[in-house]
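Undergrad: To start, I am sharing the structure in question, which I have written as structure tokens.
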Amino acid sequence: MKIAVEGCMHGELDKVYATLKRLEEVENTKIDLLLCCGDFQAVRNETDLQSLNVKPKYREMGTFWKYYSGQEKAPYPTIFIGGNHEASNHLWELYYGGWAAPNIYFLGFSGVVKFGNIRIGGLSGIYKPAHYLAGYFEKLPYNESDIRSIYHVRYYDVLKLMHVEEPIDIFLSHDWPVGITDYGNWQRLIKAKPFFKEEVESKTLGSKPAALLLDKLRPPYWFSAHLHCKFPAIIQHGDGGPVTKFLALDKCLPNRGFLQVIEIESDPGPYEIAYDEAWLAIVRKFNGLFPLTRKGLPPWVDRLDIKEDRDWVKNRLDERGRKPFDFVQTTQPFNPSQPISNPPTTMHCRNPQTESLLLLLEQPYMLDSANRGGIQAQSNTYPSRDVNNADDDEDDDAVDDDIGVADDADDE
């Protein structure tokens with residue numbers, strides 16, 4: 001199986017797909033799958049632009065809307081995670097994962113799926129200590145602070161991934177695992193990006209939760225993006241233990257290292273994206289604990305037994321099948337011949353894919369304000385992991401938040 005991996009998409013689907021088509025022609029090869037490591041920018045229309053974490057003067061429609069509308073179809077099955085520059089209102093509809101457009105699958109805020117017999121896991125967003133232990137307190141319509149926090153990684157999603165026991169073949173994160181630079185040519189990195197020097201030397205460049213997951217999951221491949229440069233590393237997990245090949249990729253610009261193709265052993269095709277039984281068992285076990293206030297998870301939540309849920313999910317998938325629920329449009333796509341200058345306020349929309357998945361798992365829908373009161377009452381029954389009241393994320397409004405890098409306008 002040949003898998004292409006792309007760094008930060010920034011809405012440039014047309015260019016990335018065209019690059020892959022050209023590569024296939026030149027190399028006389030066939031790409032089976034495209035993976036994207038975040039900043040995908042699944043912007044469907046002018047309303048979505050209001051929730052995009054980009055300064056208003058730099059917000060652009062991009063090309064995703066063509067694929068959402070059906071004007072174009074993705075030529076390769078595409079799986080992506082979220083970054084820190086996303087239409088977060090759209091991704092929140094698909095919190096558990098689902099089709100953002102035909103043949104384009106969002107892995108969710110955290111998630112695992114299968115492509116053929118290959119297991120692919122991912123964690124969306126970036127790490128921000130002030131919000132890590134919080135729940136998802138942001139509510140649509142997002143204010144300016146919510147837009148800069150909704151994509152911050154939460155302990156709840158990391159804890160679910162820490163319950164994954166079966167091997168993961170490929171893992172995606174947007175920001176790099178902290179400490180990863182120790183395993184690659186960091187001197188070359190800081191020569192090219194001198195503003196990373198202090199964080200590299202103090203071992204603070206990157207995400208602590210991603211590093212925990214790297215140590216726990218130990219996948220053969222781990223791909224990241226976010227810092228807009230290419231950086232390879234090899235991690236040997238203990239003496240004689242497994243090896244992880246890490247690669248960070250750039251964003252889609254000419255003469256930049258934004259794309260890599262790997263070949264991985266797999267069963268013969270054809271290949272399809274499918275639900276992962278073990279992951280859905282974890283989702284089912286944790287859904288009743290979904291933290292939707294600042295309080296976060298109760299402190300007793302650490303290690304949960306999912307064996308019964310695993311057996312239950314297996315039976316349901318054996319009956320129904322493992323193919324994800326079909327794509328459904330939930331809003332009108334952008335129409336370039338009739339642009340809207342004053343789009344309506346962004347409100348939550350219940351995506352039928354999400355509703356269907358939760359019905360399959362016999363779990364309540366938690367993503368809108370209708371159910372937040374009950375979850376808050378449940379969480380407040382226990383002492384909580386309280387967090388700082390940190391709404392003011394001014395550093396997130398800097399270029400590619402948390403790194404202060406300005407290499408071109410779309411980061412500003």
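Only the coordinates and a few stated rules stand behind these numbers; no lab work does. If you're wondering where the values come from, they're calculated on a predicted model, not measured in any experiment. All Cβ positions, even for glycine, are placed from backbone atoms using ideal geometry, and neighbour counts span all protein chains on display.
Undergrad: What number do you get for the chain when its Cα radius of gyration is normalised by 2.2 N^0.38 Å, N = residues?
TA: 0.93
Undergrad: Taking every DSSP beta bridge that has both residues in the stretch 55-161, what percent is antiparallel when rounded to the nearest 5?
TA: Antiparallel bridges: around 70 percent, rounded to the nearest 5.
Undergrad: Which cross-chain or sequence-distant (5 or more) residues have an amide H under 5 Å from the amide H of HIS85, H modelled 1.01 Å from N in plane?
TA: Hits under the 5 Å cutoff: ASP39.
Undergrad: Step through the residues of the stretch 172-188 one at a time and calculate ³J(HN,Hα) from phi using the Karplus curve (6.51 cos²θ - 1.76 cosθ + 1.60, θ = phi - 60°), rounding each to whole Hz and writing x for Gly and Pro.
TA: My calculation for the stretch 172-188 gives 10, 9, 7, 8, 7, x, 4, x, 5, 5, 5, 9, x, 7, 5, 4, 5 Hz in order.
Undergrad: For a quick check, take a GNM of the chain with Cα springs below 10 Å and name the residue from ASP48, ASP368, ASP267 with the largest mean-square fluctuation.
TA: Among ASP48, ASP368, ASP267, the largest GNM mean-square fluctuation belongs to ASP267.
Undergrad: Could you derive backbone 3J(HN,Hα) for the stretch 27-43 from the dihedral phi with the Karplus parameters 6.51, -1.76 and 1.60 (θ = phi - 60°), listing whole Hz in sequence and x where the residue is Gly or Pro?
TA: Running phi through 6.51 cos²θ - 1.76 cosθ + 1.60 with θ = phi - 60° gives 8, 6, 9, 9, 8, 8, 7, 10, 10, 10, 8, x, 6, 6, 6, 7, 8 Hz.
Undergrad: Let me ask something else about it. LYS216 versus ASN28, label points 7 Å from Cα toward the beta carbon: distance in nm?
TA: Going by the 7 Å Cα→Cβ label model, 4.6 nm.
Undergrad: Let me ask you something else. Please compute the Kirkwood hydrodynamic radius of the stretch 81-183 from all pairs of different C-alpha atoms, in Å with one decimal.
TA: 14.5 Å
Undergrad: A further question on this structure: Distances longer than 14 Å among the Cα atoms of the stretch 1-56: what percent of all pairs is that?
TA: Value for the stretch 1-56: 61 percent of Cα pairs lie more than 14 Å apart.
Undergrad: Still on this structure, I have one more. Pick from PRO102, PRO343, PRO352 the residue whose mean-square fluctuation is largest in a GNM of the chain, springs joining Cα atoms under 10 Å.
TA: With Cα springs under 10 Å in the chain, the top fluctuation among PRO102, PRO343, PRO352 is at PRO343.
Undergrad: Next question, about the same structure. Given the alpha-carbon gyration tensor of the stretch 190-240, what are the semi-axes of its equivalent ellipsoid in whole angstrom, ordered largest first, with each equal to the square root of 5 times an eigenvalue?
TA: 22, 13, 12
Undergrad: Run the helix sum for the chain: -39,500 (n - 2.57) per DSSP H stretch of 4+ residues, divided by residue count, reported at 222 nm to the nearest 500 deg cm²/dmol.
TA: Helices in the chain give a 222 nm mean residue ellipticity of -7000 deg cm²/dmol.
Undergrad: Here's a follow-up. Alpha carbon centre of the stretch 217-253 versus the stretch 82-146: separation in Å?
TA: Rounded to whole Å, the Cα centres lie 21 Å apart.
Undergrad: Roughly speaking, what is the stretch gain from HIS348 to ILE264, that is 0.36 nm per residue apart minus the C-alpha to C-alpha distance, in nm to one decimal?
TA: 26.3 nm
Undergrad: In the chain, what percentage of the DSSP-assigned beta bridges are antiparallel, given to the nearest 5?
TA: 50 percent
Undergrad: Could you list the GluC sites (Glu not before Pro) in the stretch 271-314 that lie in coil according to DSSP, counting only those with at most 15 other Cβ atoms within 10 Å of their Cβ?
TA: GLU272
Undergrad: I want to make sure I understand the PRE zone here: with the label point 7 angstrom from the Cα of GLU144 toward its beta carbon, which residues in the stretch 25-58 have backbone N atoms less than 16 Å away?
TA: Inside the label zone: 50-58.
Undergrad: Between LYS21 and LYS203, what is 0.36 nm times their sequence separation minus the Cα-Cα distance? Round to one decimal in nm.
TA: Full extension from LYS21 to LYS203 adds 61.6 nm.
Undergrad: If you don't mind, another one. On a straight-distance basis, which lysines could pair with LYS314 in a cross-link, Cα separation under 23 angstrom, same-chain partners fewer than 8 positions away excluded?
TA: The qualifying lysines are LYS114, LYS160, LYS285, LYS323.
Undergrad: Which length gain, in nm to one decimal place, applies between SER337 and LYS73 when the Cα-Cα distance is subtracted from 0.36 nm times their residue separation?
TA: So the extension gain works out to 93.0 nm.
Undergrad: Looking at TYR132, SER149, VAL178, which one has the Cα that reaches farthest to the positive end of the dipole of the stretch 55-179 (charges on Cβ: Lys, Arg +1; Asp, Glu -1)?
TA: SER149
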